[in-house]
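The values are calculated or read from the model by the stated rules, or taken from the named source; none is laboratory data. This is a predicted model, so every value here is computed, not measured. Note: ideal-geometry Cβ built from the backbone for every residue, glycine included; neighbour counts use all protein chains shown. Side chains included, ligands, DNA and RNA excluded: accessible areas come from the protein's heavy atoms. Shrake-Rupley method; radii C 1.70, N 1.55, O 1.52, S 1.80 Å.
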Amino acid sequence: MDTNPTPTDTPTADTPRWFNGCAIAVVVLIALVGLGAWALAEFEKGFDGYGQLEQSGPSGYVADPLGPGATARYEDGLKINVSRPRAEPDGTYSLTVTYENDTDEKLRPGGESSDASVSDSGSAPLVVRAGKSLDDYASGYGLTWLNWRESAAALMPPLSTDKKRTVPVRIKPSRKGIPVTVEVAPPSAGFRETAYFQLTLD
């Protein structure tokens, strides 16, 4: 004689447990894909030295300069803004170059020597010159950088992480309406691209 009771109910399907397991697997997969994409982007930045410009819109390169008021953004977190030039009553123009250090290291925007930190014609960490960005030299017009010593002095102190520095620039053009190029080549231990800005002294 069989003394074991016969089950009257059929076992229910384990659907909620299966569904929860799939949902967790999908969430983990999405997290892994996101982490992989972030790691690949960081590897690419590290491979090219973090000194590349990372822009939307104009690139900031010599053939595609940024405009007045724009900000050059580097992959490592450095940001450089060149303001719109402001006409002064005496016929001069004022503008500012602002460095924002969101990198993980102290920077020296002016390099090692104040005499070589700024220029209105040659190469330097900060160049403000007459002409368009692609011009080798300006023909028929020019400018004088009136406060270059003040600008160089503002560039020279080290710029710590999470700090900003604004460099005042005052220039006098030979005539109104000329194009002016600002070249910013922030020195670094590795490689850092020069950012170009093209302005017009209206």
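Indicate the gyration tensor shape class of the range 54-157 (rounded, prolate or oblate), computed on the Cα atoms with a ≥ b ≥ c the square roots of the eigenvalues: a/c under 1.5 is rounded; otherwise a/b larger than b/c is prolate and the rest oblate.
oblate
Describe numerically, in nm with one decimal, the distance between label points set 7 Å from Cα along Cα→Cβ at K163 and at D202.
Reported label-point gap for K163 and D202 is 3.6 nm.
What's the extension gain from E88 to R149 if we count 0.36 nm per residue and subtract their Cα-Cα distance?
Fully extending the segment from E88 to R149 adds 20.0 nm.
With charges only on Cβ, +1 for K and R and -1 for D and E, what is the dipole size of the range 77-202 about its Cα centre, in debye, rounded to 20?
Dipole about the Cα centre, nearest 20: 320 debye.
Could you pull the accessible area for T103 with a 1.4 Å probe, rounded to 10 Å²?
10
Go through the range 74-79 residue by residue and turn each phi into a ³J(HN,Hα) via Karplus (6.51, -1.76, 1.60, θ = phi - 60°); whole Hz please, and just put x for glycine and proline.
9, 4, 8, x, 6, 10
Please say if the range 80-129 is rounded, prolate or oblate, where rounded means a/c under 1.5 for a ≥ b ≥ c the square roots of the C-alpha gyration tensor eigenvalues, and otherwise the choice is prolate for a/b larger than b/c and oblate otherwise?
Oblate.
Would you kindly state how much longer the chain becomes between Y61 and R175 on full extension, computed as 0.36 nm times their sequence separation minus their alpha carbon distance, in nm to one decimal?
Additional length available on full extension: 38.4 nm.
Cut-off under 27 Å on the C-alpha distance; same-chain residues fewer than 8 positions from K163 excluded. Which lysines are left, in chain and number order?
Qualifying lysines at Cα under 27 Å: K45, K79, K106.
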